[in-house]
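Chemist: Handing you this structure, nothing more for now.
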Amino acid sequence: MAAKIIDGKEISETIRRELKNRISVLKEKGITPGLGVILVGNNPASRSYVTAKERACDSIGIYSDDNRLPEDVTETDLLKKINEMNVDPKIHGILVQLPLPKHINESTVLLAIDPKKDVDGFHPINVGKMMIGEDTFFPCTPHGVLQMLLRSKIETSGKHVVVIGRSNIVGKPVANMLLQKRDGANATVTLCHTGTKSIESHTLQADILIVASGFPNTVTADMVKPGAVVIDVGVNRIEDNTKKSGYRLVGDVDYEGVSAIASAITPVPGGVGPMTITMLLYNTVLSAEIELREGSEL
Ligand code: GUN
């Protein structure tokens, strides 16, 4: 039987409607949530992500402050911009799009963001809070994955989740969030990576398989247990001369083959991608709400 498609666009729209209501409440109290966005350089994928994030802000009534800095900007100037945003009362969240050019130290930049405005959830303080199961800004892609599972009523408690990929942005945090003792988590988690021997021996055990390897066709049908749920986090540009752009987007999973075996699967595009942006909006609204409550520290 063909897999049920987990529609990230539809789930995103539901969450965005919920956020619009929360934004109305904030606006009645004189607060407009604001996101400060910094993009360094001209990476085409980063440019299109940032534009999509700013459009999404606009569509639900979040103010966004767009800052495009040249590829050769100094680390000092970038840190100065972040410090300005740290003290700007109109800004509740700061997003520095990654990756950064090689001459800039990513850790220094992430540390410079006020943890109270760290809507990406990348600051070590917030990573630590997530790790020990405290409330904090959860990183957007992993949070989006958990919301997709929760809102599709896919049970995670007691299930075996296998994650492929150990990035700081997706693999490590999603594994960590799913093993926490809380609703929508409480899973047994295996994290596979480039050092893992015989990946398929692990993936075949998965009730839920989360793929964030960064390579097309990392997971094929023979690697999936019949009836498993498959979440494809990958976004890869593949040359395609039939498209005006010259490329099309595919995930890390062989969608055709795996959707014939899985019970549910996320498409690319239209799966995890829209959720990432939505959870950024979510964190920005949350940050503004926390500021309104003042005193209640994250
Ligand atoms: N680059 C790829 N994904 C992300 C993300 O979620 N946030 C930021 N800031 N950069 C990214």
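Chemist: Across 5 Å bins from the origin, how do the percents of Cα pairs in the range 146-227 run, short distances first?
Modeler: The distribution over the range 146-227 is 3, 16, 27, 26, 19, 8, 1, given as percents.
Chemist: For n ≥ 4 DSSP H runs only, could you compute -39500 (n - 2.57) per run for the chain, divide by its residues and tell me the 222 nm figure to the nearest 500?
Modeler: Helices in the chain give a 222 nm mean residue ellipticity of -12000 deg cm²/dmol.
Chemist: Report, in whole Å, the centroid distance computed from the Cα atoms of the range 203-257 and the range 116-140.
Modeler: Rounded to whole Å, the Cα centres lie 28 Å apart.
Chemist: A follow-up question, please. Could you please state, rounded to a whole Å, how far the C-alpha centre of the range 147-183 is from the C-alpha centre of the range 4-20?
Modeler: 18 Å
Chemist: Ranked highest first by average number of other Cβ atoms within 10 Å, how do 49-60, 274-285 line up?
Modeler: Ranking the peptides 49-60, 274-285 by packing returns 274-285, 49-60.
Chemist: Follow-up. Take the Cα atoms of the range 11-55, find their three principal axes, and give me the spread along each one in whole Å, biggest first.
Modeler: 38, 26, 9 Å, listed from the longest principal axis down.
Chemist: Right, next: With the radius of gyration and the Kirkwood radius both derived from the Cα set of the range 117-191, what is their ratio Rg to Rh?
Modeler: Checking Rg against Rh, the ratio lands at 0.94.
Chemist: Given the range 39-110 reduced to its alpha-carbon atoms as identical point scatterers, what log10 I(q)/I(0) does the Debye formula return at q = 0.17, 0.22, 0.23, 0.28 Å⁻¹?
Modeler: Debye output, listed in q order: -0.66, -1.07, -1.14, -1.42.
Chemist: Here's a follow-up. Using a 7 Å offset from the Cα along the Cα-to-Cβ direction at both D135 and K29, what is the distance between the two label points in nm, to one decimal?
Modeler: Label-label distance for D135 and K29, simple model: 1.3 nm.
Chemist: Related question: Which lysines have a Cα lying under 22 Å from the Cα of K102, excluding residues fewer than 8 positions away in the same chain?
Modeler: K80, K81
Chemist: Tell me the Rg and the Dmax, in Å, that the Cα atoms of the range 209-298 produce.
Modeler: Cα radius of gyration and Dmax of the range 209-298 are 17.7, 56 Å respectively.
Chemist: Here is a further query. Rounded to whole Å and sorted largest first, what semi-axes of the equivalent ellipsoid does the C-alpha gyration tensor of the range 101-153 yield via the square root of 5 times each eigenvalue? The partial results should precede the final answer.
Modeler: Details: eigenvalues 123, 37, 14 Å².
Equivalent-ellipsoid dimensions as semi-axes: 25, 14, 8 Å.
Chemist: Take the Cα coordinates of the chain, assign each an equal point scatterer, and use the Debye formula without solvent to give log10 I(q)/I(0) at q = 0.06, 0.07 Å⁻¹.
Modeler: Those come out to -0.19, -0.27, one per q.
Chemist: So, one more: How would you rank R16, R248, going from fewest to most other Cβ atoms within 10 Å of each one's own Cβ?
Modeler: R248, R16
Chemist: How high is the relative contact order of the chain, in percent, with contacts defined as C-alpha pairs under 8 Å that are six or more residues apart?
Modeler: On the way: 580 pairs, mean separation 66.4, N = 298.
Value for the chain: 22 percent.
Chemist: Moving to a separate point now. Against the longest principal axis of the chain, how steep is helix 75-86, in degrees 0 to 90 to the nearest 10, with axes from Cα atoms?
Modeler: 80 degrees
Chemist: Further, regarding this structure: Let me have the relative contact order for the range 1-113, percent, based on Cα pairs under 8 Å that are six or more residues apart.
Modeler: Relative contact order, the range 1-113: 31 percent.
Chemist: Given 4 °C and 1.567 mPa s, compute D for the range 1-135 with the Stokes-Einstein relation, Rh being the Kirkwood radius over Cα pairs; round to the nearest whole µm²/s.
Modeler: Numbers: Rh = 16.5 Å.
It comes out at roughly 78 µm²/s.
Chemist: Taking the beta-carbon count within 10 Å as an exposure proxy, list K172, K20 from fewest neighbours to most. Present the calculation step by step, with values, prior to reporting the outcome.
Modeler: Values: K172 21, K20 15.
Neighbour counts put them in this order, fewest first: K20, K172.
No value in this document is a laboratory result; all are computed from the given coordinates. Here the structure is a predicted model, which is why all the values come from computation and not from measurement. Don't worry about glycine lacking a Cβ; one is built from the backbone with ideal geometry, like all the others, and counts go over all protein chains shown.
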